[in-house]
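Encoded as structure tokens, the structure appears first; notes follow it.
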Amino acid sequence: MDRKPKLGKRRRVFRYHARSRSLVLLCATGLLALGLFLSELVLPPTASISPHTTFDPWIRVALTNSPLRSLSLKSESPVTITAANSNQMLSQTEKLSLSEVIATSNGVRIGDLELPATRIELRVEEDPGLWVNRHLYRGRVQIYRMKDGRLRVVNKVRLEDYLASVVDSEMPIEFGREARIAQCIAARTYALYQLSQRQTHPYFDLYANTRSQMYLGVEYPGPGGQRWAGESRQSREIVNETRGEVCTHNEQIFCTYFSAACGGRTVEGRDLFSDAAAPVTQVDCEWCSDAKLHRWEHRLSLHRFLQQFDREQVLSSEGSIQLRDSAPSILNVEPRDSILLEQQGVVLELQRYEIQQRLGARLLPSPLFQMKLEGEDVVFEGRGHGHGVGFCQWGARGQAQSGRDGRTILQTYYPGTKVVRIVAPSQ
Ligand SMILES: [Zn+2]
């Protein structure tokens, strides 16, 4: 069905989006996170999953999206520092007082300690024991000095330790045990899927935020400076109870995309992500209505809205416009549905997710909205929080409250899938 409205004075239509480029941008959420040391991976990318399938339990998490000019490190237990690529011993210290790490011409400096190596790994005697930028982590910390003098900091951590923090970082305990069981299995599957893709980044496999999935570590600073727990006894219990469990379709793991709240209907995965598997499909969700952003309304002055598109010099931020939004209802909007803006015979066609990218997630929490003009304002009426693809976290909460178990919750959002337990070889 052609859902574009007919415009009488239409002369020139500008499409802001370049479909392939936009797709790449969106896929960045998952795809830029890929990477691994092939030699460490046991799970092949297209392997059938069975109870005998094994996987390597170590993963590498980039602790910031971009490399940093400096970072802070601290440990209260003995630290061993080696060259990350050769295991050559570089230094041992009784403990590490709070120290700044910066790049030098031939390596890195930690406090007063000069290390002539561009890739180092720190191990501590007591786990967890290493603080990086005021977050406490389990496992090891690797620091890579980049050519431009910035530092890439990576936490090499056992998958199940990582998941104990992801469960608490992604979903509060109040969402209910069964919702968190579903979250845990989705997060494990997501991490292993990223490992299995072999689109190698030399230093890490996942990011520590929503670019992959949230991972705050064992402790982290709260907004008032207090120390908050990034994992809990219940999150560790859930990880143990579901140890090795993954979500499969046709005996393969897939990218288990998830978002905070879909607002009533999830988004067809392929509409946003080129690697979305068949089970990541549109699902009606009646369970996320308690989400704060189940429905939302935000407004912006027309002038400020148009300023966002000044760079293209297609529309003037000074003039008035006509707006055509053909979405029949808020439940039926899709991220790639177009909105047309017309100004003096010039038409600009924008897809919803492009508008969201341009205006930011603070103003537009999801790409699922309708737009209209009200006086000098543009009004956005939307639903949901996040991209809306796959597992709906607030919906999982609603389902858990209605008595559903975690595996059933997961299968609601990924229809036709099975939860299978695989094993880690070193456990
Ligand atoms: Zn939902």
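The values are calculated or read from the model by the stated rules, or taken from the named source; none is laboratory data. Here the structure is a predicted model, which is why all the values come from computation and not from measurement. Glycine gets a Cβ as well: all are built from the backbone with ideal geometry, and neighbour counts include every protein chain shown.
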State the number of residues belonging to the range 339-358 that are in contact (Cβ under 8 Å) with a residue 24 or more places away in the chain and under 25 Å from the mean Cα position of the chain (by Cα).
6
Only one of these is within 19 Å of SER75 (Cβ to Cβ) and surrounded by 21 or more Cβ atoms within 10 Å (Cβ to Cβ): LEU113, LEU122. Name it.
LEU122
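Please count how many residues of the range 236-270 are of a type in the set (Asp, Glu) and closer than 20 Å to PRO415 by Cβ.
Total meeting the criteria: 3.
A quick yes/no check of all residues on (1) under 18 Å from the mean Cα position of the chain (by Cα); (2) among the small types (Gly, Ala, Ser):
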{"position": "HIS135", "(1), (2)": "no, no"}
{"position": "ARG140", "(1), (2)": "no, no"}
{"position": "SER165", "(1), (2)": "yes, yes"}
{"position": "MET171", "(1), (2)": "yes, no"}
{"position": "ALA179", "(1), (2)": "no, yes"}
{"position": "GLU219", "(1), (2)": "no, no"}
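Given the criteria away from the ligand (no atom under 16 Å from the Cβ) and buried (at least 18 other Cβ atoms within 10 Å of the Cβ), does VAL333 qualify?
Considered against the rule, which asks whether it is away from the ligand (no atom under 16 Å from the Cβ) and buried (at least 18 other Cβ atoms within 10 Å of the Cβ), VAL333 comes out as no.
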Are any of the residues in the range 297-311 within 25 Å of LEU272 (Cβ to Cβ), surrounded by 14 or more Cβ atoms within 10 Å (Cβ to Cβ) and within 16 Å of the ligand (Cβ to nearest atom)?
no
Only one of (1) away from the ligand (no atom under 16 Å from the Cβ); (2) at pLDDT 95 or above fails for SER317. Which number is that?
(2)
Scanning the range 222-266 residue by residue, those in a loop (DSSP other than H, G, I, E, B), of a type in the set (Gly, Ala, Ser) and more than 16 Å from the ligand (Cβ to nearest atom) turn out to be GLY222, GLY224, GLY225, GLY230, SER232, GLY244
Out of the range 340-354, which residues are closer than 23 Å to GLY264 by Cβ, buried (at least 22 other Cβ atoms within 10 Å of the Cβ) and not charged (D, E, K, R)?
TYR353
Every listed condition ((1) closer than 14 Å to SER259 by Cβ; (2) away from the ligand (no atom under 14 Å from the Cβ)) holds for LEU368 save (2)
Starting from the range 374-398, keep only residues that are in contact (Cβ under 8 Å) with a residue 40 or more places away in the chain, then list their pairs with residues that are of a type in the set (Phe, Trp, Tyr) and within 10 Å of the ligand (Cβ to nearest atom) whose Cβ atoms are within a distance under 6 Å, requiring at least 6 positions of separation or different chains.
GLY390/TYR413; PHE391/TYR413; GLY395/TRP287; GLY398/TRP287
Mind listing whichever residues of the range 266-282 are touching a helix residue (DSSP H, G or I) at 6+ places or on another chain (Cβ under 6 Å) and aliphatic (A, V, I, L, M)?
LEU272, ALA276, VAL280
Which numbered condition THR408 fails, given (1) within 16 Å of the ligand (Cβ to nearest atom); (2) touching a Phe, Trp or Tyr at 6+ places or on another chain (Cβ under 9 Å)
(2)
Touching a Lys or Arg at 6+ places or on another chain (Cβ under 9 Å) and either at pLDDT 95 or above or under 19 Å from ASP127 (Cβ atoms) (or both): is that true of ALA62 in this structure?
yes
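Wholly within the range 124-221, which strands (runs of 3 or more DSSP E) include no fewer than the required count, namely at least 2 residues that are in contact with a Lys or Arg (Cβ under 8 Å, 6 or more places away or on another chain) and outside the structural domain of THR104 (by TED's automatic domain parsing)?
151-158, 219-221
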Would you say ALA186 is among the hydrophobic types (A, V, I, L, M, F, W, C), within 24 Å of ARG421 (Cα to Cα) and buried (at least 21 other Cβ atoms within 10 Å of the Cβ)?
yes
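Here's the yes/no breakdown for (1) surrounded by 21 or more Cβ atoms within 10 Å (Cβ to Cβ); (2) in a strand (DSSP E or B):
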position	(1), (2)
ILE81	yes, yes
ASN85	no, no
ILE102	no, yes
ASN106	no, no
Sole miss for VAL166 among (1) out of contact with any helix residue (DSSP H, G or I) (no Cβ under 6 Å at 6 or more places or on another chain); (2) within 23 Å of PRO67 (Cα to Cα) is condition (1)
In the range 398-416, is there at least one residue being small (Gly, Ala, Ser), over 27 Å from TYR353 (Cα atoms), modelled with pLDDT of 95 or more and in contact with a strand residue (DSSP E or B) (Cβ under 7 Å, 6 or more places away or on another chain)?
yes
Residue pairs qualifying under the 7 Å Cβ cut-off, at least six apart or on distinct chains, with the first in the range 267-292 being away from the ligand (no atom under 16 Å from the Cβ) and the second being among the basic types (Lys, Arg) and not in a loop (DSSP other than H, G, I, E, B), are ALA276/ARG270
